[in-house]
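**Q** Below is a structure I'd like to ask you about.
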Amino acid sequence: MLSSSSTTVKNLLLKKRLCFLLKLVCYVSSVFIFCEFLIYYVVIFQCRWPEVKGGAHMSEKETSTSVLKAIILADTHLLGEIKGHWLDKLRREWQMERSFQTALWLLEPDIVFILGDVFDEGKWSLPQAWADDVRRFRKMFKFPASTELVVVVGNHDIGFHYEMTTYKVNRFGKVFNFTSGKLITRKGINFVLVNSVAMEGDGCTLCRTTEAKLVALSHKLNCSQQKPNNSNRRCSDVEKLPASEPILLQHYPLYRKSDAECTGEDSASPEEKNIPFKEKYDVLSQEASQKLIWWFHPRLILSGHTHSACEVLHAGKIPEVSVPSFSWRNRNNPSFIMGSITPTDFSLQKCFLPYESRVFTIYCAAGALLVILILAHFQLLTPPFYFAQHLISKHKAV
């Protein structure tokens, strides 16, 4: 009889322990799934496409056909085999993959632009390491047939000017269908893709080739914007493009002294803002910047490289937006730009990704609660009432 009762008690204790263990597993799994998967949906779901002027007066059909929905991001810096620790790779690439795939699913953009420094070690990676980096990129940034991906070259992809070679440029161009000075036109909107690394202005072979392509493209765009009665012989045999002022997409920003005038929560830190920029390293030279403005008279310039956000006006009327890094390795608060663009207008809106510090706080709070639950379950946590009673009785005894 006693044996049967003892067995029943043991079974009950075992069931309680299994039940408690199951609750802990469910709790830990829930926290993990939220922090590593659901949080991206919660945060990005709050982002909305900006409206262009007149958007409210257009029908839904007109808006969907005339407005190009573009996502712009920069500086993903996929780690390579030399500097990249496997755990750092795993964490950062998972964060970027989940953010990108969630954004595609929720926002359904027409086109995505990545403004250079796709890889961290492309400037020196050997063929096998390069192939591995490309494979991982294609897995992370896969996209549906309804979306187009356009990638611009950066200095970490092919090296700074003194490291840049024809082999590296061609290798990048083969993977991403990129050429140094390329025009793409979508829904009547002209985008000019610039290899800003080749805008050194020292007459190197790649620099001369790039500038020649940009000059020819500039001529074609300028001829397309002229009115028929003002056309001249120089434009008579030129292929006509949509008469829309172009948008420049490049890695290096145009020349500015520093980030001192930049504002916003994702701009550079106060210590970094007053550090002067070095021409041809942090920004393009004044000469190269002026050339691009003269050649294209762009209505908008989008750039990356600095890893921080900034908005500046060139020549008092041409806006440039520096897009911050998309990687948590470079920022606590990565983001991307959402652009609603028409042939004559555009509107930009920033979409922030989950703050890494907040994710860390959730994990810490959940961990602390988990410890309390375990201690309470095994009656190792003294209730406050009994603890106070113990102190009082001890005081009376003294």
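The values are calculated or read from the model by the stated rules, or taken from the named source; none is laboratory data. Since we're looking at a predicted model, the values are computed, not measured. Ideal geometry is used to build each Cβ from the backbone, glycine not excepted, and the neighbour counts take in all protein chains shown. In case anyone asks, the SASA skips ligands and DNA or RNA and just uses the protein heavy atoms, side chains included. Shrake-Rupley method; radii C 1.70, N 1.55, O 1.52, S 1.80 Å.
**Q** Determine which single condition Gly159 fails, assuming it passes every other condition in (1) more than 15 Å from Phe113 (Cα to Cα); (2) crowded, with 19+ Cβ neighbours inside 10 Å; (3) not basic (Lys, Arg).
**A** (2)
**Q** Still on this structure: Of all residues in segment 177-195, how many are under 14 Å from Val153 (Cβ atoms) and modelled with pLDDT of 95 or more?
**A** Here is the first cut: in segment 177-195, the ones under 14 Å from Val153 (Cβ atoms) are 177-182, 192-195.
Filter once more, so that each one left must be modelled with pLDDT of 95 or more: 192-195.
Residues that pass the stated criteria total 4.
**Q** Does segment 273-293 include one or more residues that are within 23 Å of the chain's Cα centre (by Cα), outside any loop (DSSP other than H, G, I, E, B) and buried (at least 19 other Cβ atoms within 10 Å of the Cβ)?
**A** yes
**Q** Within segment 66-80, track down each residue that is open to solvent by 10 Å² or more (accessible area, probe 1.4 Å) and of a type in the set (Gly, Ala, Ser).
**A** The one that is open to solvent by 10 Å² or more (accessible area, probe 1.4 Å) and of a type in the set (Gly, Ala, Ser): Ser66.
A quick yes/no check of all residues on (1) over 23 Å from Trp328 (Cα atoms); (2) in contact (Cβ under 8 Å) with a residue 40 or more places away in the chain:
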position: Ser267; (1), (2): no, yes
position: Pro270; (1), (2): no, no
position: Asp282; (1), (2): no, no
position: Ser289; (1), (2): yes, no
position: Trp294; (1), (2): yes, no
position: Ile301; (1), (2): yes, yes
position: Gly304; (1), (2): no, yes
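**Q** Still on this structure, I have one more. Within segment 171-182, is even one residue touching a residue at least 40 places away in the same chain (Cβ under 8 Å), touching a Gly at 6+ places or on another chain (Cβ under 9 Å) and of a type outside the set (Val, Ile, Thr)?
**A** yes
**Q** Looking at Glu320, is it at pLDDT 90 or above, among the acidic types (Asp, Glu) and crowded, with 17+ Cβ neighbours inside 10 Å? Steps first, please.
**A** Details: at pLDDT 90 or above: yes; among the acidic types (Asp, Glu): yes; crowded, with 17+ Cβ neighbours inside 10 Å: yes.
Judged against the criteria, Glu320 is a match.
**Q** All but one of (1) open to solvent by 10 Å² or more (accessible area, probe 1.4 Å); (2) over 16 Å from Gly122 (Cα atoms) hold for Cys223, so report the exception by its number.
**A** (1)
**Q** Of all residues in segment 139-149 being charged (D, E, K, R) and over 15 Å from the mean Cα position of the chain (by Cα), which is least open to solvent (accessible area, probe 1.4 Å)? Spell out how you get there, then give the answer.
**A** Of the residues in segment 139-149, the ones charged (D, E, K, R) are 139, 142, 148.
The next check asks that each one be over 15 Å from the mean Cα position of the chain (by Cα); those that pass are 139, 148.
Numbers: Lys139: 111, Glu148: 59 Å².
Ranking the candidates gives Glu148 first.
**Q** Considering only segment 294-307, state which residues are over 21 Å from Ser244 (Cβ atoms) and either acidic (Asp, Glu) or open to solvent by 10 Å² or more (accessible area, probe 1.4 Å) (or both). Even if it seems obvious, please write down each step before you answer.
**A** Initial filter on segment 294-307 (over 21 Å from Ser244 (Cβ atoms)): 304-307.
Those that are over 21 Å from Ser244 (Cβ atoms) and either acidic (Asp, Glu) or open to solvent by 10 Å² or more (accessible area, probe 1.4 Å) (or both): His305, Thr306, His307.
**Q** Let me ask something else. I'd like to know if segment 157-166 contains one or more residues that are out of contact with any Lys or Arg (no Cβ under 6 Å at 6 or more places or on another chain), in a helix (DSSP H, G or I), modelled with pLDDT of 95 or more and not hydroxyl-bearing (Ser, Thr, Tyr). Show your work before the answer.
**A** Step one: of segment 157-166, the residues out of contact with any Lys or Arg (no Cβ under 6 Å at 6 or more places or on another chain) are 157, 160-162, 164-166.
Then drop every residue that is not in a helix (DSSP H, G or I), which leaves 157, 166.
Filter again for modelled with pLDDT of 95 or more, leaving 157.
From what's left, not hydroxyl-bearing (Ser, Thr, Tyr): 157.
Taking every residue of segment 157-166 in turn, at least one turns out to be out of contact with any Lys or Arg (no Cβ under 6 Å at 6 or more places or on another chain), in a helix (DSSP H, G or I), modelled with pLDDT of 95 or more and not hydroxyl-bearing (Ser, Thr, Tyr).
**Q** Considering only residues of segment 173-206 that are among the basic types (Lys, Arg) and under 23 Å from the mean Cα position of the chain (by Cα), which is least open to solvent (accessible area, probe 1.4 Å)?
**A** Taking segment 173-206 and keeping what is among the basic types (Lys, Arg), we get 174, 182, 186-187.
Imposing the further condition that a residue be under 23 Å from the mean Cα position of the chain (by Cα) reduces the set to 174, 182, 186.
Values: Lys174: 180, Lys182: 44, Arg186: 77 Å².
Out of the qualifying residues, it is Lys182.
**Q** I need the full set of residues from segment 328-344 which are open to solvent by less than 40 Å² (accessible area, probe 1.4 Å), modelled with pLDDT under 95 and either among the polar types (S, T, N, Q) or within 30 Å of Leu221 (Cα to Cα) (or both), in order please.
**A** Within segment 328-344, just Asn333 meets the criteria.
**Q** Need the failing condition index for Ser236 against (1) under 23 Å from Phe326 (Cβ atoms); (2) open to solvent by 70 Å² or more (accessible area, probe 1.4 Å); (3) of a type in the set (Ser, Thr, Tyr), just the number.
**A** (1)
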